[in-house]
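Shown next, in C-alpha coordinates, is the structure this report addresses.
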Amino acid sequence: AVASLIDVAAQLYTDVAVVRGQPVPLVSLADLGFLVAYPAYFLAAWNLLTARPLQQPTTEILLDAALLTLTAVAWAYELFVEPLAVGAADVSVLASVAYATGGLALLWLIGMLLLRPNRFPSVGEGLAVIGLGVLAATDLLFGTVALPRHVSAGTMLDMGWNVANVTLATGAVFASARPEGRPPMQAKGTSVAP
(Lines give C-alpha, C1' and ligand atoms only; values in the text may rest on other atoms or scores of the structure.)
Protein backbone atom coordinates (compact mmCIF):
# COMPACT_ATOMS: atom_id res chain seq x y z
CA ALA A 1 0.00 0.00 0.00
CA VAL A 2 2.84 2.39 0.85
CA ALA A 3 4.57 1.75 -2.48
CA SER A 4 1.31 2.37 -4.33
CA LEU A 5 0.78 5.70 -2.54
CA ILE A 6 4.35 6.80 -3.32
CA ASP A 7 3.89 5.68 -6.94
CA VAL A 8 0.60 7.60 -7.26
CA ALA A 9 2.12 10.74 -5.72
CA ALA A 10 5.06 10.60 -8.15
CA GLN A 11 2.70 10.05 -11.08
CA LEU A 12 0.48 12.98 -9.99
CA TYR A 13 3.58 15.19 -9.79
CA THR A 14 4.40 14.34 -13.40
CA ASP A 15 0.79 14.65 -14.58
CA VAL A 16 0.37 18.11 -13.01
CA ALA A 17 3.51 19.31 -14.82
CA VAL A 18 2.16 17.94 -18.12
CA VAL A 19 -1.29 19.55 -17.62
CA ARG A 20 0.33 22.91 -16.82
CA GLY A 21 2.33 22.68 -20.03
CA GLN A 22 5.67 22.62 -18.23
CA PRO A 23 8.42 20.63 -19.89
CA VAL A 24 9.00 17.41 -18.01
CA PRO A 25 12.72 16.74 -17.64
CA LEU A 26 14.07 13.32 -18.48
CA VAL A 27 14.94 12.80 -14.78
CA SER A 28 12.73 14.62 -12.29
CA LEU A 29 11.61 14.52 -8.67
CA ALA A 30 8.97 11.96 -9.71
CA ASP A 31 11.75 9.49 -10.55
CA LEU A 32 12.94 9.67 -6.95
CA GLY A 33 9.42 8.69 -5.85
CA PHE A 34 9.29 5.79 -8.30
CA LEU A 35 12.67 4.50 -7.09
CA VAL A 36 11.91 4.95 -3.38
CA ALA A 37 8.97 2.54 -3.77
CA TYR A 38 11.30 -0.34 -4.69
CA PRO A 39 11.97 -1.61 -1.13
CA ALA A 40 8.21 -2.00 -0.68
CA TYR A 41 8.02 -3.90 -4.00
CA PHE A 42 10.76 -6.26 -2.78
CA LEU A 43 8.87 -6.86 0.47
CA ALA A 44 5.63 -7.42 -1.42
CA ALA A 45 7.23 -10.02 -3.70
CA TRP A 46 8.84 -11.72 -0.72
CA ASN A 47 5.58 -11.80 1.26
CA LEU A 48 3.51 -13.02 -1.69
CA LEU A 49 5.83 -15.84 -2.68
CA THR A 50 6.97 -17.05 0.75
CA ALA A 51 3.53 -17.16 2.35
CA ARG A 52 3.32 -20.86 1.50
CA PRO A 53 5.91 -23.41 2.61
CA LEU A 54 8.68 -23.69 0.05
CA GLN A 55 10.00 -26.98 -1.28
CA GLN A 56 13.31 -28.20 0.05
CA PRO A 57 16.14 -27.30 -2.33
CA THR A 58 17.04 -30.10 -4.70
CA THR A 59 20.04 -30.35 -7.02
CA GLU A 60 17.89 -29.15 -9.92
CA ILE A 61 16.61 -26.13 -7.95
CA LEU A 62 20.16 -25.23 -6.86
CA LEU A 63 21.47 -25.45 -10.44
CA ASP A 64 18.56 -23.33 -11.71
CA ALA A 65 19.22 -20.76 -8.96
CA ALA A 66 22.93 -20.64 -9.85
CA LEU A 67 22.13 -20.19 -13.55
CA LEU A 68 19.60 -17.43 -12.80
CA THR A 69 22.06 -15.65 -10.50
CA LEU A 70 24.96 -15.86 -12.98
CA THR A 71 22.71 -14.53 -15.76
CA ALA A 72 21.63 -11.61 -13.55
CA VAL A 73 25.24 -10.83 -12.64
CA ALA A 74 26.30 -10.90 -16.31
CA TRP A 75 23.45 -8.55 -17.22
CA ALA A 76 24.33 -6.29 -14.32
CA TYR A 77 27.92 -5.97 -15.52
CA GLU A 78 26.98 -5.47 -19.17
CA LEU A 79 24.15 -3.02 -18.54
CA PHE A 80 25.25 -1.04 -15.47
CA VAL A 81 28.87 -1.43 -14.44
CA GLU A 82 30.40 -0.99 -17.88
CA PRO A 83 28.40 2.21 -18.73
CA LEU A 84 29.40 3.71 -15.37
CA ALA A 85 33.05 2.86 -15.94
CA VAL A 86 33.10 4.28 -19.48
CA GLY A 87 30.91 7.37 -19.21
CA ALA A 88 30.63 10.29 -16.86
CA ALA A 89 28.27 9.70 -13.96
CA ASP A 90 25.72 12.45 -14.57
CA VAL A 91 22.15 12.38 -13.23
CA SER A 92 20.69 10.52 -16.22
CA VAL A 93 23.36 7.79 -16.00
CA LEU A 94 22.76 7.35 -12.27
CA ALA A 95 18.98 7.24 -12.82
CA SER A 96 19.49 4.73 -15.61
CA VAL A 97 21.55 2.49 -13.35
CA ALA A 98 19.04 2.85 -10.50
CA TYR A 99 16.03 1.91 -12.66
CA ALA A 100 17.82 -0.96 -14.36
CA THR A 101 19.28 -2.31 -11.12
CA GLY A 102 15.94 -2.14 -9.33
CA GLY A 103 14.11 -3.84 -12.19
CA LEU A 104 16.72 -6.57 -12.58
CA ALA A 105 16.94 -7.21 -8.82
CA LEU A 106 13.14 -7.50 -8.52
CA LEU A 107 12.98 -9.89 -11.49
CA TRP A 108 15.80 -11.93 -9.95
CA LEU A 109 14.00 -12.11 -6.58
CA ILE A 110 10.73 -13.20 -8.20
CA GLY A 111 12.55 -15.79 -10.29
CA MET A 112 14.44 -17.18 -7.30
CA LEU A 113 11.26 -17.47 -5.23
CA LEU A 114 9.33 -19.08 -8.09
CA LEU A 115 11.93 -21.85 -8.27
CA ARG A 116 10.73 -23.32 -4.98
CA PRO A 117 6.98 -22.80 -4.65
CA ASN A 118 4.86 -25.46 -3.03
CA ARG A 119 2.05 -24.10 -5.17
CA PHE A 120 1.51 -20.89 -7.12
CA PRO A 121 -0.34 -18.16 -5.15
CA SER A 122 -4.07 -17.61 -5.46
CA VAL A 123 -5.60 -15.47 -8.24
CA GLY A 124 -5.15 -12.15 -6.44
CA GLU A 125 -1.64 -12.92 -5.23
CA GLY A 126 -0.69 -14.34 -8.63
CA LEU A 127 -1.88 -11.18 -10.39
CA ALA A 128 0.15 -9.08 -7.95
CA VAL A 129 3.27 -11.14 -8.71
CA ILE A 130 2.66 -10.73 -12.46
CA GLY A 131 2.14 -6.98 -11.97
CA LEU A 132 5.42 -6.71 -10.06
CA GLY A 133 7.18 -8.63 -12.85
CA VAL A 134 5.77 -6.34 -15.56
CA LEU A 135 6.73 -3.26 -13.52
CA ALA A 136 10.28 -4.57 -13.04
CA ALA A 137 10.67 -5.46 -16.73
CA THR A 138 9.39 -2.03 -17.78
CA ASP A 139 11.78 -0.26 -15.40
CA LEU A 140 14.64 -2.43 -16.68
CA LEU A 141 13.84 -1.40 -20.27
CA PHE A 142 13.45 2.25 -19.25
CA GLY A 143 16.84 2.19 -17.49
CA THR A 144 18.69 0.39 -20.28
CA VAL A 145 17.04 1.76 -23.43
CA ALA A 146 15.25 5.09 -22.86
CA LEU A 147 17.39 6.92 -20.30
CA PRO A 148 20.83 6.22 -21.83
CA ARG A 149 19.61 7.52 -25.18
CA HIS A 150 17.97 10.58 -23.57
CA VAL A 151 14.59 9.57 -24.99
CA SER A 152 11.29 10.15 -23.19
CA ALA A 153 9.53 7.00 -22.03
CA GLY A 154 7.21 6.69 -25.02
CA THR A 155 4.03 4.77 -25.58
CA MET A 156 5.30 1.20 -25.11
CA LEU A 157 6.97 1.88 -21.76
CA ASP A 158 3.99 3.91 -20.57
CA MET A 159 1.80 0.96 -21.55
CA GLY A 160 4.03 -1.36 -19.49
CA TRP A 161 3.69 0.80 -16.38
CA ASN A 162 -0.06 1.15 -16.91
CA VAL A 163 -0.52 -2.62 -17.34
CA ALA A 164 1.58 -3.21 -14.21
CA ASN A 165 -0.46 -0.76 -12.13
CA VAL A 166 -3.80 -2.12 -13.36
CA THR A 167 -2.65 -5.70 -12.72
CA LEU A 168 -1.49 -4.81 -9.22
CA ALA A 169 -4.79 -3.06 -8.46
CA THR A 170 -6.80 -6.00 -9.85
CA GLY A 171 -4.74 -8.41 -7.78
CA ALA A 172 -5.42 -6.33 -4.66
CA VAL A 173 -9.17 -6.36 -5.38
CA PHE A 174 -9.18 -10.15 -5.84
CA ALA A 175 -7.07 -10.69 -2.72
CA SER A 176 -9.32 -8.51 -0.57
CA ALA A 177 -12.51 -10.04 -1.98
CA ARG A 178 -11.41 -13.59 -1.13
CA PRO A 179 -9.25 -13.47 1.96
CA GLU A 180 -7.73 -16.82 2.63
CA GLY A 181 -8.28 -17.79 6.21
CA ARG A 182 -8.66 -20.98 8.12
CA PRO A 183 -11.95 -22.81 7.71
CA PRO A 184 -14.28 -22.54 10.68
CA MET A 185 -13.61 -25.13 13.37
CA GLN A 186 -16.12 -27.93 13.75
CA ALA A 187 -17.54 -28.60 17.17
CA LYS A 188 -16.47 -32.03 18.37
CA GLY A 189 -18.84 -32.33 21.30
CA THR A 190 -22.59 -32.60 21.49
CA SER A 191 -24.99 -29.85 22.34
CA VAL A 192 -25.08 -28.66 25.94
CA ALA A 193 -28.86 -28.39 25.85
CA PRO A 194 -30.63 -31.11 27.89
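Take the Cβ atoms of SER28 and GLU78, set R0 to 25 Å, and the FRET efficiency comes out at 0.40. The calculated pair-distance distribution of region 1-47 uses every alpha carbon pair, bins of 5 angstrom beginning at 0, and gives 5, 23, 26, 19, 13, 8, 4, 2, 0 percent. Residue order by solvent-accessible surface for PHE174, PHE142 is PHE174, PHE142, largest first, with ligands and nucleic acids left out and a 1.4 Å probe.
The values are calculated or read from the model by the stated rules, or taken from the named source; none is laboratory data. Computed from a predicted structure; not experimentally measured. Quick reminder, even Gly has a Cβ in these numbers, built from the backbone with ideal geometry, and neighbours come from all protein chains shown. In case anyone asks, the SASA skips ligands and DNA or RNA and just uses the protein heavy atoms, side chains included. Shrake-Rupley method; radii C 1.70, N 1.55, O 1.52, S 1.80 Å.
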